[in-house]
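Okay, so here's the structure we're looking at.
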Amino acid sequence: MNVTGSCTAEMPSGYIPSFKGIYIASELIIALLAIIGNSLVCLAVICNKKLRTVTNYFLVSLAVADTLVGLVGIPCAVLTDLGRPRHNMPLCLVLLCMLMVLTQSSILSMLAVALERYMAILLPFQYERVMSPRNANLALLVTWCLAVLSGSVPLMDPQRQPADSNYCIFTCVVDMTYLVYFNFFCCFLVPLVAMSIIYGHIFLTVLHQIRRINLVRGTSVSEETVVGSGSSGMEDSGSSAAMGTSGVRADMRTRKESGIGSLIDTETTAVFTKTGPRVSTTGSISSSAPADPHLGESTKAKSNFQELRKATSLLLVLFLFMVCWMPIHVINSVLLLCPQCKVPMSLTLAAIMLSHANSALNPIVYTYRMRLFRHTLMGIWKGLWSLRSKRQTLEGH
(Lines give C-alpha, C1' and ligand atoms only; values in the text may rest on other atoms or scores of the structure.)
Protein backbone atom coordinates (compact mmCIF):
# COMPACT_ATOMS: atom_id res chain seq x y z
CA MET A 1 0.00 0.00 0.00
CA ASN A 2 1.33 3.42 -0.88
CA VAL A 3 1.14 5.95 1.90
CA THR A 4 2.98 8.94 3.18
CA GLY A 5 4.51 9.48 6.59
CA SER A 6 6.80 7.64 9.01
CA CYS A 7 7.59 3.99 8.40
CA THR A 8 8.92 3.24 11.85
CA ALA A 9 7.17 4.52 14.94
CA GLU A 10 3.52 4.51 13.88
CA MET A 11 1.10 3.86 11.09
CA PRO A 12 1.66 6.34 8.23
CA SER A 13 -0.48 9.43 8.23
CA GLY A 14 -3.53 9.64 6.03
CA TYR A 15 -5.14 6.34 6.99
CA ILE A 16 -8.92 6.64 7.23
CA PRO A 17 -10.35 4.41 10.00
CA SER A 18 -13.92 4.73 8.70
CA PHE A 19 -12.79 3.39 5.31
CA LYS A 20 -11.01 0.38 6.81
CA GLY A 21 -14.12 -1.77 7.28
CA ILE A 22 -15.41 -1.09 3.77
CA TYR A 23 -11.99 -1.87 2.32
CA ILE A 24 -11.64 -5.20 4.15
CA ALA A 25 -15.20 -6.27 3.27
CA SER A 26 -14.67 -5.37 -0.40
CA GLU A 27 -11.38 -7.29 -0.57
CA LEU A 28 -12.99 -10.36 0.99
CA ILE A 29 -15.84 -10.24 -1.54
CA ILE A 30 -13.36 -9.98 -4.42
CA ALA A 31 -11.34 -12.88 -2.98
CA LEU A 32 -14.47 -15.03 -2.64
CA LEU A 33 -15.56 -14.31 -6.22
CA ALA A 34 -12.06 -15.05 -7.54
CA ILE A 35 -11.88 -18.35 -5.66
CA ILE A 36 -15.35 -19.55 -6.71
CA GLY A 37 -15.16 -18.38 -10.32
CA ASN A 38 -11.73 -19.80 -11.05
CA SER A 39 -12.32 -23.02 -9.12
CA LEU A 40 -15.34 -23.67 -11.35
CA VAL A 41 -13.08 -23.39 -14.39
CA CYS A 42 -10.75 -26.05 -12.99
CA LEU A 43 -13.72 -28.23 -11.99
CA ALA A 44 -15.20 -28.07 -15.50
CA VAL A 45 -11.92 -29.25 -17.06
CA ILE A 46 -11.63 -32.08 -14.51
CA CYS A 47 -15.20 -33.29 -15.16
CA ASN A 48 -15.24 -32.99 -18.97
CA LYS A 49 -12.53 -34.74 -20.99
CA LYS A 50 -13.45 -32.70 -24.07
CA LEU A 51 -12.16 -29.60 -22.30
CA ARG A 52 -8.70 -31.08 -21.77
CA THR A 53 -7.09 -29.36 -24.74
CA VAL A 54 -3.83 -27.48 -25.11
CA THR A 55 -5.68 -24.17 -25.20
CA ASN A 56 -7.44 -24.95 -21.95
CA TYR A 57 -4.14 -25.88 -20.28
CA PHE A 58 -3.30 -22.20 -20.44
CA LEU A 59 -6.75 -21.18 -19.22
CA VAL A 60 -6.46 -23.58 -16.28
CA SER A 61 -3.04 -22.14 -15.43
CA LEU A 62 -4.59 -18.66 -15.40
CA ALA A 63 -7.46 -19.94 -13.26
CA VAL A 64 -5.05 -21.53 -10.76
CA ALA A 65 -3.06 -18.29 -10.52
CA ASP A 66 -6.21 -16.24 -9.95
CA THR A 67 -7.53 -18.75 -7.40
CA LEU A 68 -4.29 -18.38 -5.42
CA VAL A 69 -4.60 -14.60 -5.66
CA GLY A 70 -7.98 -14.84 -3.93
CA LEU A 71 -6.94 -17.57 -1.51
CA VAL A 72 -3.50 -16.27 -0.48
CA GLY A 73 -2.63 -13.01 -2.23
CA ILE A 74 -5.58 -10.87 -1.14
CA PRO A 75 -5.39 -11.95 2.54
CA CYS A 76 -1.68 -11.06 2.49
CA ALA A 77 -2.55 -7.67 0.98
CA VAL A 78 -5.19 -6.99 3.64
CA LEU A 79 -2.78 -7.87 6.45
CA THR A 80 -0.02 -5.64 5.13
CA ASP A 81 -2.43 -2.81 4.40
CA LEU A 82 -3.31 -2.93 8.10
CA GLY A 83 0.39 -2.84 9.02
CA ARG A 84 0.56 -6.50 10.06
CA PRO A 85 2.62 -8.37 11.05
CA ARG A 86 4.29 -5.92 13.44
CA HIS A 87 7.96 -6.13 14.50
CA ASN A 88 8.62 -9.03 12.09
CA MET A 89 10.20 -7.72 8.90
CA PRO A 90 11.29 -11.11 7.49
CA LEU A 91 7.72 -12.46 7.64
CA CYS A 92 6.40 -9.15 6.32
CA LEU A 93 8.76 -9.35 3.35
CA VAL A 94 7.74 -12.94 2.60
CA LEU A 95 4.03 -12.00 2.59
CA LEU A 96 4.63 -9.05 0.26
CA CYS A 97 6.75 -11.10 -2.13
CA MET A 98 4.12 -13.87 -2.15
CA LEU A 99 1.53 -11.28 -3.16
CA MET A 100 3.73 -10.04 -6.01
CA VAL A 101 4.53 -13.57 -7.20
CA LEU A 102 0.85 -14.50 -7.42
CA THR A 103 -0.27 -11.31 -9.15
CA GLN A 104 2.67 -11.56 -11.54
CA SER A 105 1.79 -15.20 -12.32
CA SER A 106 -1.73 -14.04 -13.26
CA ILE A 107 -0.33 -11.38 -15.63
CA LEU A 108 2.16 -13.76 -17.25
CA SER A 109 -0.54 -16.43 -17.61
CA MET A 110 -2.66 -13.92 -19.55
CA LEU A 111 0.34 -13.27 -21.81
CA ALA A 112 0.77 -17.02 -22.31
CA VAL A 113 -2.92 -17.30 -23.32
CA ALA A 114 -2.42 -14.46 -25.84
CA LEU A 115 0.65 -16.14 -27.38
CA GLU A 116 -1.16 -19.48 -27.62
CA ARG A 117 -4.14 -17.84 -29.33
CA TYR A 118 -1.81 -16.07 -31.77
CA MET A 119 -0.30 -19.41 -32.77
CA ALA A 120 -3.69 -21.10 -33.09
CA ILE A 121 -5.29 -18.33 -35.16
CA LEU A 122 -2.56 -16.91 -37.37
CA LEU A 123 -0.21 -19.91 -37.60
CA PRO A 124 -2.63 -22.87 -37.67
CA PHE A 125 -0.41 -25.12 -39.80
CA GLN A 126 2.53 -24.82 -37.37
CA TYR A 127 0.30 -24.92 -34.29
CA GLU A 128 -0.16 -28.69 -34.03
CA ARG A 129 3.57 -29.28 -34.41
CA VAL A 130 4.80 -26.53 -32.07
CA MET A 131 2.09 -26.45 -29.42
CA SER A 132 2.11 -30.07 -28.30
CA PRO A 133 0.97 -30.93 -24.75
CA ARG A 134 4.59 -31.36 -23.72
CA ASN A 135 5.60 -27.95 -25.10
CA ALA A 136 2.52 -26.35 -23.55
CA ASN A 137 3.43 -27.72 -20.11
CA LEU A 138 6.99 -26.50 -20.59
CA ALA A 139 5.73 -23.01 -21.49
CA LEU A 140 3.54 -22.96 -18.39
CA LEU A 141 6.49 -24.03 -16.23
CA VAL A 142 8.56 -21.17 -17.66
CA THR A 143 5.68 -18.76 -16.96
CA TRP A 144 5.50 -19.72 -13.30
CA CYS A 145 9.28 -19.69 -12.87
CA LEU A 146 9.44 -16.15 -14.29
CA ALA A 147 6.66 -15.08 -11.91
CA VAL A 148 8.52 -16.50 -8.92
CA LEU A 149 11.79 -14.85 -9.96
CA SER A 150 10.29 -11.44 -10.70
CA GLY A 151 8.18 -11.37 -7.54
CA SER A 152 11.00 -12.54 -5.27
CA VAL A 153 13.50 -9.84 -6.18
CA PRO A 154 13.03 -7.94 -2.86
CA LEU A 155 13.97 -11.12 -0.96
CA MET A 156 17.35 -11.12 -2.69
CA ASP A 157 18.47 -7.93 -0.93
CA PRO A 158 17.09 -7.99 2.63
CA GLN A 159 19.68 -5.46 3.85
CA ARG A 160 17.76 -2.70 2.10
CA GLN A 161 14.71 -3.26 4.30
CA PRO A 162 14.25 -1.00 7.36
CA ALA A 163 15.14 -3.03 10.44
CA ASP A 164 13.42 -0.64 12.85
CA SER A 165 10.04 -0.57 11.10
CA ASN A 166 7.18 -1.37 13.48
CA TYR A 167 4.51 -1.81 10.80
CA CYS A 168 4.47 -3.96 7.66
CA ILE A 169 3.74 -1.22 5.10
CA PHE A 170 4.22 -2.08 1.42
CA THR A 171 6.09 1.05 0.37
CA CYS A 172 8.18 1.06 3.54
CA VAL A 173 9.41 -2.49 3.05
CA VAL A 174 9.53 -2.85 -0.75
CA ASP A 175 11.79 -0.46 -2.64
CA MET A 176 9.74 1.95 -4.78
CA THR A 177 12.46 1.92 -7.44
CA TYR A 178 11.86 -1.82 -7.84
CA LEU A 179 8.09 -1.30 -7.94
CA VAL A 180 8.25 1.31 -10.71
CA TYR A 181 11.27 0.52 -12.88
CA PHE A 182 11.15 -3.25 -12.66
CA ASN A 183 7.64 -4.31 -11.62
CA PHE A 184 5.83 -1.64 -13.67
CA PHE A 185 8.06 -1.04 -16.68
CA CYS A 186 9.31 -4.62 -17.18
CA CYS A 187 6.70 -6.90 -15.62
CA PHE A 188 3.58 -4.93 -16.57
CA LEU A 189 4.26 -2.70 -19.57
CA VAL A 190 6.11 -5.38 -21.53
CA PRO A 191 3.21 -7.91 -21.26
CA LEU A 192 0.73 -5.09 -21.96
CA VAL A 193 2.53 -4.01 -25.15
CA ALA A 194 2.95 -7.63 -26.24
CA MET A 195 -0.76 -8.39 -25.74
CA SER A 196 -1.71 -5.16 -27.52
CA ILE A 197 0.33 -6.17 -30.57
CA ILE A 198 -0.95 -9.76 -30.53
CA TYR A 199 -4.64 -8.98 -30.08
CA GLY A 200 -4.50 -5.98 -32.41
CA HIS A 201 -2.91 -8.11 -35.15
CA ILE A 202 -5.50 -10.86 -34.68
CA PHE A 203 -8.40 -8.39 -34.76
CA LEU A 204 -7.21 -6.62 -37.93
CA THR A 205 -6.42 -9.91 -39.67
CA VAL A 206 -9.87 -11.31 -38.93
CA LEU A 207 -11.55 -8.14 -40.23
CA HIS A 208 -9.46 -8.26 -43.41
CA GLN A 209 -10.22 -11.95 -43.89
CA ILE A 210 -13.98 -11.48 -43.47
CA ARG A 211 -13.97 -8.67 -46.06
CA ARG A 212 -12.11 -10.85 -48.56
CA ILE A 213 -14.45 -13.79 -47.99
CA ASN A 214 -17.52 -11.62 -48.47
CA LEU A 215 -16.01 -10.11 -51.62
CA VAL A 216 -15.26 -13.54 -53.13
CA ARG A 217 -18.69 -14.90 -52.21
CA GLY A 218 -20.43 -11.81 -53.55
CA THR A 219 -18.68 -12.19 -56.91
CA SER A 220 -19.45 -15.90 -57.07
CA VAL A 221 -23.14 -15.39 -56.32
CA SER A 222 -23.46 -12.63 -58.95
CA GLU A 223 -21.85 -14.73 -61.70
CA GLU A 224 -23.96 -17.72 -60.75
CA THR A 225 -27.14 -15.65 -61.09
CA VAL A 226 -26.16 -14.35 -64.55
CA VAL A 227 -25.33 -17.81 -65.88
CA GLY A 228 -28.47 -19.40 -64.45
CA SER A 229 -30.85 -16.81 -65.89
CA GLY A 230 -30.40 -17.96 -69.51
CA SER A 231 -30.04 -21.72 -69.14
CA SER A 232 -32.20 -24.79 -68.71
CA GLY A 233 -32.50 -26.57 -65.42
CA MET A 234 -29.69 -29.05 -66.18
CA GLU A 235 -27.36 -26.36 -67.52
CA ASP A 236 -28.13 -24.13 -64.56
CA SER A 237 -27.14 -26.92 -62.20
CA GLY A 238 -23.88 -27.52 -64.00
CA SER A 239 -23.03 -23.84 -64.19
CA SER A 240 -23.80 -23.39 -60.53
CA ALA A 241 -21.51 -26.24 -59.64
CA ALA A 242 -18.76 -24.79 -61.79
CA MET A 243 -19.07 -21.33 -60.31
CA GLY A 244 -19.34 -22.80 -56.84
CA THR A 245 -16.09 -24.66 -57.44
CA SER A 246 -14.27 -21.50 -58.51
CA GLY A 247 -15.64 -19.66 -55.49
CA VAL A 248 -14.53 -22.49 -53.23
CA ARG A 249 -11.02 -22.45 -54.63
CA ALA A 250 -10.86 -18.72 -54.11
CA ASP A 251 -12.13 -19.16 -50.55
CA MET A 252 -9.58 -21.84 -49.80
CA ARG A 253 -6.80 -19.78 -51.36
CA THR A 254 -7.85 -16.79 -49.27
CA ARG A 255 -7.85 -18.86 -46.12
CA LYS A 256 -4.43 -20.34 -46.84
CA GLU A 257 -2.94 -16.90 -47.49
CA SER A 258 -4.22 -15.49 -44.23
CA GLY A 259 -3.50 -18.55 -42.14
CA ILE A 260 -6.69 -18.34 -40.12
CA GLY A 261 -7.85 -21.79 -39.07
CA SER A 262 -9.79 -21.21 -35.89
CA LEU A 263 -10.65 -18.39 -33.57
CA ILE A 264 -11.01 -17.77 -29.88
CA ASP A 265 -13.28 -20.65 -29.11
CA THR A 266 -11.52 -23.91 -29.94
CA GLU A 267 -14.84 -25.73 -30.25
CA THR A 268 -15.72 -23.56 -33.28
CA THR A 269 -13.77 -23.78 -36.51
CA ALA A 270 -13.58 -21.20 -39.25
CA VAL A 271 -16.42 -20.48 -41.65
CA PHE A 272 -14.86 -22.60 -44.36
CA THR A 273 -14.91 -25.89 -42.50
CA LYS A 274 -18.59 -25.65 -41.55
CA THR A 275 -20.47 -25.18 -44.80
CA GLY A 276 -17.78 -25.17 -47.43
CA PRO A 277 -16.85 -28.08 -49.72
CA ARG A 278 -14.33 -30.78 -48.91
CA VAL A 279 -11.21 -31.41 -50.97
CA SER A 280 -10.08 -35.01 -51.34
CA THR A 281 -6.45 -36.05 -51.62
CA THR A 282 -6.87 -36.40 -55.37
CA GLY A 283 -7.97 -32.81 -55.73
CA SER A 284 -11.66 -33.46 -56.45
CA ILE A 285 -14.17 -31.32 -54.64
CA SER A 286 -17.39 -32.56 -53.07
CA SER A 287 -19.84 -29.99 -51.90
CA SER A 288 -21.38 -30.16 -48.43
CA ALA A 289 -23.16 -26.82 -48.70
CA PRO A 290 -26.86 -26.68 -47.89
CA ALA A 291 -29.31 -27.13 -50.76
CA ASP A 292 -30.99 -23.81 -50.07
CA PRO A 293 -28.61 -21.00 -51.20
CA HIS A 294 -30.36 -18.47 -48.97
CA LEU A 295 -29.85 -20.75 -45.98
CA GLY A 296 -26.18 -21.10 -46.90
CA GLU A 297 -25.68 -17.35 -47.11
CA SER A 298 -27.48 -16.92 -43.79
CA THR A 299 -25.19 -19.48 -42.16
CA LYS A 300 -22.11 -17.78 -43.62
CA ALA A 301 -23.25 -14.38 -42.39
CA LYS A 302 -23.88 -15.81 -38.93
CA SER A 303 -20.44 -17.43 -38.91
CA ASN A 304 -18.83 -14.15 -39.94
CA PHE A 305 -20.61 -12.39 -37.10
CA GLN A 306 -19.42 -15.02 -34.62
CA GLU A 307 -15.82 -14.73 -35.80
CA LEU A 308 -15.94 -10.94 -35.50
CA ARG A 309 -17.55 -11.15 -32.04
CA LYS A 310 -14.81 -13.46 -30.82
CA ALA A 311 -12.11 -11.19 -32.19
CA THR A 312 -13.76 -8.22 -30.48
CA SER A 313 -13.74 -10.09 -27.18
CA LEU A 314 -9.94 -10.10 -27.37
CA LEU A 315 -9.94 -6.31 -27.26
CA LEU A 316 -12.27 -6.49 -24.24
CA VAL A 317 -9.72 -8.71 -22.48
CA LEU A 318 -6.97 -6.20 -23.15
CA PHE A 319 -9.08 -3.23 -22.09
CA LEU A 320 -10.09 -4.79 -18.76
CA PHE A 321 -6.51 -5.81 -18.05
CA MET A 322 -5.28 -2.26 -18.59
CA VAL A 323 -8.12 -0.66 -16.59
CA CYS A 324 -7.57 -2.99 -13.63
CA TRP A 325 -3.80 -2.74 -13.36
CA MET A 326 -2.83 0.69 -14.64
CA PRO A 327 -4.13 2.84 -11.70
CA ILE A 328 -1.96 1.23 -8.98
CA HIS A 329 1.14 1.43 -11.17
CA VAL A 330 0.46 5.08 -11.97
CA ILE A 331 0.12 5.82 -8.24
CA ASN A 332 3.43 4.07 -7.54
CA SER A 333 5.11 6.11 -10.26
CA VAL A 334 3.70 9.37 -8.89
CA LEU A 335 4.93 8.57 -5.38
CA LEU A 336 8.43 7.77 -6.64
CA LEU A 337 8.85 10.59 -9.15
CA CYS A 338 6.96 13.21 -7.14
CA PRO A 339 7.70 12.63 -3.41
CA GLN A 340 5.94 15.83 -2.36
CA CYS A 341 2.70 14.80 -4.07
CA LYS A 342 -0.08 13.63 -1.74
CA VAL A 343 -2.08 10.59 -2.81
CA PRO A 344 -5.37 10.08 -0.90
CA MET A 345 -5.50 6.80 0.97
CA SER A 346 -8.99 6.04 -0.38
CA LEU A 347 -7.70 6.35 -3.95
CA THR A 348 -4.77 4.03 -3.22
CA LEU A 349 -6.97 1.37 -1.64
CA ALA A 350 -9.44 1.59 -4.55
CA ALA A 351 -6.59 1.04 -7.02
CA ILE A 352 -5.36 -1.96 -5.04
CA MET A 353 -8.84 -3.51 -5.03
CA LEU A 354 -9.20 -2.88 -8.76
CA SER A 355 -5.99 -4.79 -9.48
CA HIS A 356 -7.26 -7.71 -7.40
CA ALA A 357 -10.65 -7.58 -9.14
CA ASN A 358 -8.93 -8.58 -12.36
CA SER A 359 -8.55 -12.10 -10.94
CA ALA A 360 -12.32 -12.31 -10.43
CA LEU A 361 -13.06 -10.98 -13.93
CA ASN A 362 -10.67 -13.26 -15.85
CA PRO A 363 -12.84 -16.42 -15.79
CA ILE A 364 -15.82 -14.39 -17.06
CA VAL A 365 -13.85 -12.83 -19.91
CA TYR A 366 -11.75 -15.83 -20.91
CA THR A 367 -13.75 -18.94 -20.08
CA TYR A 368 -17.46 -18.51 -19.40
CA ARG A 369 -17.99 -17.11 -22.90
CA MET A 370 -17.16 -20.59 -24.28
CA ARG A 371 -20.27 -22.67 -24.85
CA LEU A 372 -18.73 -25.99 -23.82
CA PHE A 373 -17.60 -24.56 -20.48
CA ARG A 374 -21.08 -23.19 -19.80
CA HIS A 375 -22.77 -26.46 -20.70
CA THR A 376 -20.35 -28.43 -18.52
CA LEU A 377 -20.97 -26.21 -15.51
CA MET A 378 -24.73 -26.38 -16.07
CA GLY A 379 -24.49 -30.16 -16.21
CA ILE A 380 -22.55 -30.23 -12.93
CA TRP A 381 -25.12 -27.98 -11.30
CA LYS A 382 -28.05 -30.08 -12.56
CA GLY A 383 -26.35 -33.24 -11.30
CA LEU A 384 -25.82 -31.76 -7.83
CA TRP A 385 -29.41 -30.50 -7.75
CA SER A 386 -30.70 -33.93 -8.80
CA LEU A 387 -28.71 -35.62 -6.01
CA ARG A 388 -30.06 -33.13 -3.50
CA SER A 389 -33.65 -33.78 -4.65
CA LYS A 390 -33.18 -37.54 -4.39
CA ARG A 391 -31.71 -37.20 -0.90
CA GLN A 392 -34.65 -35.07 0.23
CA THR A 393 -37.06 -37.61 -1.26
CA LEU A 394 -35.37 -40.49 0.57
CA GLU A 395 -35.36 -38.54 3.84
CA GLY A 396 -39.07 -37.76 3.39
CA HIS A 397 -39.84 -41.48 3.17
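The values are calculated or read from the model by the stated rules, or taken from the named source; none is laboratory data. Just so it is clear, the structure is predicted and the values come from calculations on it, not from any experiment. Quick reminder, even Gly has a Cβ in these numbers, built from the backbone with ideal geometry, and neighbours come from all protein chains shown. When the accessible area is computed, the model is the full protein with side chains, heavy atoms only, and any ligands, DNA or RNA have been set aside. Shrake-Rupley method; radii C 1.70, N 1.55, O 1.52, S 1.80 Å.
Each of the peptides 359-368, 116-125, 329-338 was scored by the mean count of other Cβ atoms within 10 Å over its residues; in descending order, highest first, they stand as 359-368, 116-125, 329-338. Multiplying the residue separation of residue 29 and residue 146 by 0.36 nm and subtracting their alpha-carbon distance yields 39.2 nm.
If I stretch the segment between residue 387 and residue 205 completely, what's the gain in nm (0.36 nm per residue apart, minus their alpha carbon distance), one decimal?
Working: separation 182, 0.36 × 182 = 65.52 nm, distance 4.79 nm.
So the chain would gain 60.7 nm between residue 387 and residue 205.
Highest mean first, the peptides 344-356, 94-106 sorted by other C-beta atoms within 10 Å per residue fall in the order 94-106, 344-356. Rounded to 0.05, the FRET efficiency of the residue 194 and residue 137 pair, given R0 = 22 Å and the Cβ-Cβ distance, is 0.55.
In the context of the full set of protein chains, segment 58-110 has a per residue accessible area of 29 Å² (1.4 Å probe).
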